[in-house]
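The values are calculated or read from the model by the stated rules, or taken from the named source; none is laboratory data. If you're wondering where the values come from, they're calculated on a predicted model, not measured in any experiment. When we count neighbours, we look across all protein chains shown, and the Cβ atoms used for this are built from the backbone with ideal geometry, even at glycine.
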Ligand code: 5GP
């Protein structure tokens, strides 16, 4: 059965897309730790990120780098932190999170509650920076 992220990539479930290429897709996390919290996923459905083959993992990281630069331009921050957890959704994904301090990366922190309009505006701002690269 397709993962929820495969359904998102296929457009069967809506998402706030920020970037896409032939092999990877980036969209806003629905329970963000910060404005701009983004997930990067491979279109090929693989659960565990370290089961990706070397070339695919390297390409995913390079794609994530471009997305991270776009996030930082749209939402100025100290750094964009990166994390891989993957205990909830069995489809490999990288979290990219604008951070000011180490504690901004704690996943048990309260999540932001954003409106549909806010999500759309955040995604559009990152997408704009992504397309200007
Ligand atoms: P993890 O598998 O890395 O532990 O957590 C999965 C992440 O995916 C969580 O941060 C959660 O908020 C996010 N997530 C789960 N389901 C959806 C969804 O349907 N849409 C979006 N945009 N994010 C989701």
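Results, tabulated for the structure shown:
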{"item": "Meets criteria (within 13 Å of the ligand (Cβ to nearest atom) and over 11 Å from the mean Cα position of the chain (by Cα)) for residue 91", "result": "yes"}
{"item": "Candidates 75, 50 - the one that is touching a helix residue (DSSP H, G or I) at 6+ places or on another chain (Cβ under 9 Å), free of Cβ contacts under 8 Å to residues at least 12 places away in the same chain and either crowded, with 17+ Cβ neighbours inside 10 Å or more than 20 Å from residue 20 (Cα to Cα) (or both)", "result": "50"}
{"item": "Qualifying residue in the range 110-122 (condition: surrounded by 17 or more Cβ atoms within 10 Å (Cβ to Cβ), assigned to a helix (DSSP H, G or I) and within 10 Å of the ligand (Cβ to nearest atom))", "result": "yes"}
{"item": "Pair list, Cβ < 7 Å and 6+ apart or interchain, from the range 6-18 residues that are under 25 Å from residue 129 (Cβ atoms) to residues that are within 11 Å of the ligand (Cβ to nearest atom) and part of a loop (DSSP other than H, G, I, E, B)", "result": "8/15"}
{"item": "Close pairs (9 angstrom Cβ cut-off, 6 or more residues apart or separate chains): modelled with pLDDT under 95 in the range 116-133, in a helix (DSSP H, G or I) anywhere", "result": "133/66; 133/69; 133/70"}
{"item": "Test: residue in the range 36-44 that is outside any helix (DSSP H, G or I), surrounded by 12 or more Cβ atoms within 10 Å (Cβ to Cβ) and more than 16 Å from the ligand (Cβ to nearest atom)", "result": "yes"}
{"item": "Test result for residue 69, over 12 Å from the mean Cα position of the chain (by Cα), farther than 19 Å from residue 127 by Cα and not in a loop (DSSP other than H, G, I, E, B)", "result": "no"}
{"item": "Some residue of the range 96-107 being out of contact with any strand residue (DSSP E or B) (no Cβ under 7 Å at 6 or more places or on another chain) and closer than 16 Å to residue 41 by Cα", "result": "no"}
{"item": "Qualifying residue in the range 26-34 (condition: within 15 Å of the ligand (Cβ to nearest atom), part of a strand (DSSP E or B) and in contact with a helix residue (DSSP H, G or I) (Cβ under 6 Å, 6 or more places away or on another chain))", "result": "yes"}
{"item": "Subset of the range 53-72 [in contact (Cβ under 8 Å) with a residue 60 or more places away in the chain and within 16 Å of the ligand (Cβ to nearest atom)]", "result": "67"}
{"item": "Hits in the range 13-24 - residues which are away from the ligand (no atom under 11 Å from the Cβ) and either surrounded by fewer than 13 Cβ atoms within 10 Å (Cβ to Cβ) or more than 14 Å from residue 124 (Cβ to Cβ) (or both)", "result": "20, 21, 22, 23, 24"}
